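Nothing in this text is a laboratory measurement; each read-out follows from the coordinates by a stated rule. Since the structure is predicted, the reported quantities are computational estimates derived from the model, not experimental observations. With ideal geometry, Cβ positions are generated from the backbone for all residues, glycine too; neighbour counts draw on all protein chains shown.
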């Protein structure tokens, strides 16, 4: 009888314990975003724009110039930025030794220590570390999602935006993104965010394991074509690979938190956004100069 009662008490307490643990993990994730957003602002104070990768030809992502601003200067100094990110000089840092700094890993992500296939890396031999945060490059659409059409015509230089932020020879290799940062090269400054810094996502949660271009070294970005946590269960059951990247479903913001994901805004604040948020308002928060009146409270 006593054993039965103890069993019932444990069954009653277990959900509460699990909920408390998840609340602690979510708070840690929020703190990660706060640290990164503060790093973005400190970087902007010095360079008058958000972090820019050292060069498209060398495939370095936004995390690298941010490292000295999130208390990771030693890590930054160990990287050889004069060669490609996957060069032998840097390869140990992309794989096992050391792991990505904890500020780039959400503790609710059970796969944040996995080595995964990535875009631009020879599969299946070359696998690298993931991260759980992606920059917002804008409110672009995907194959079946909703959003703006990205720049495609190299002869049309008026009023176009580019998902990569790399543009064409007509504009000296630069073309602005609809978000505060392009996928590789172009980055905004505060004056470019005419919708208001409190109304614009800077970065948000992702699950690197579920997208082959969200990793620690070369790139990590997302769009708002689909709702938050779109097809999480399907992607977990069948993770993307180079042979089957699943771009339409995987290239977005998502988390392992119940009901939504956290975002860092351009004003320095962090907001948890429900996956049920009205999609037009969600997309409006992804454009920096879209002129929309919608916003997430």
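Roughly what % of Cα-Cα distances in the range 211-297 sit above 20 Å, to the whole percent? In whole percent, the share of Cα-Cα pairs in the range 211-297 beyond 20 Å is 38. In plain terms, the residue of 279, 257 with the fewest other Cβ atoms within 10 Å comes first and the most crowded comes last, giving 279, 257. Taking the fewest neighbouring Cβ atoms within 10 Å as the starting point, the ordered list for 285, 52, 256, 27 is 27, 52, 256, 285.
What full-extension length gain, to one decimal in nm, is calculated for residue 244 and residue 274 as 0.36 nm per residue of separation minus the Cα-Cα distance?
Working: separation 30, 0.36 × 30 = 10.80 nm, distance 2.86 nm.
Difference between extended and current length: 7.9 nm.
The distance between label points at residue 296 and residue 80 comes to 4.1 nm (points 7 Å beyond Cα on the Cα→Cβ vector). For residue 24, project a label point 7 Å along Cα to C-beta. Then give me every residue of the range 245-279 with its amide nitrogen under 19 Å of that point. In the range 245-279, the label zone of residue 24 (backbone N under 19 Å from the point 7 Å along Cα→Cβ) covers 256-258.
Where does the Debye-calculated log10 I(q)/I(0) of the range 31-284 sit at q = 0.09, 0.14, 0.15, 0.17 Å⁻¹, using only Cα point scatterers of equal weight, no solvent? Treating every Cα as an identical point scatterer, log10 I(q)/I(0) equals -0.35, -0.91, -1.07, -1.43. Panel order for 193, 223, by other beta carbons found within 10 Å of each beta carbon, from fewest to most: 193, 223. A compact globular protein would have a Cα radius of gyration near 2.2 N^0.38 Å; the ratio found for the range 26-151 is 1.13.
If you stretched the chain out fully between residue 146 and residue 258, how much longer would it get, using 0.36 nm times the residue separation minus the C-alpha to C-alpha distance?
Details: separation 112, 0.36 × 112 = 40.32 nm, distance 2.36 nm.
Between residue 146 and residue 258, full extension yields an extra 38.0 nm.
Quick check on the range 31-284: of the DSSP beta bridges with both residues there, what percent are antiparallel, nearest 5%?
Numbers: 17 of 22 bridges.
Expressed as a percentage, antiparallel bridges in the range 31-284 total about 75.
Averaging Cα coordinates gives a centre for the range 219-247 and one for the range 57-95; these two points are 25 Å apart.
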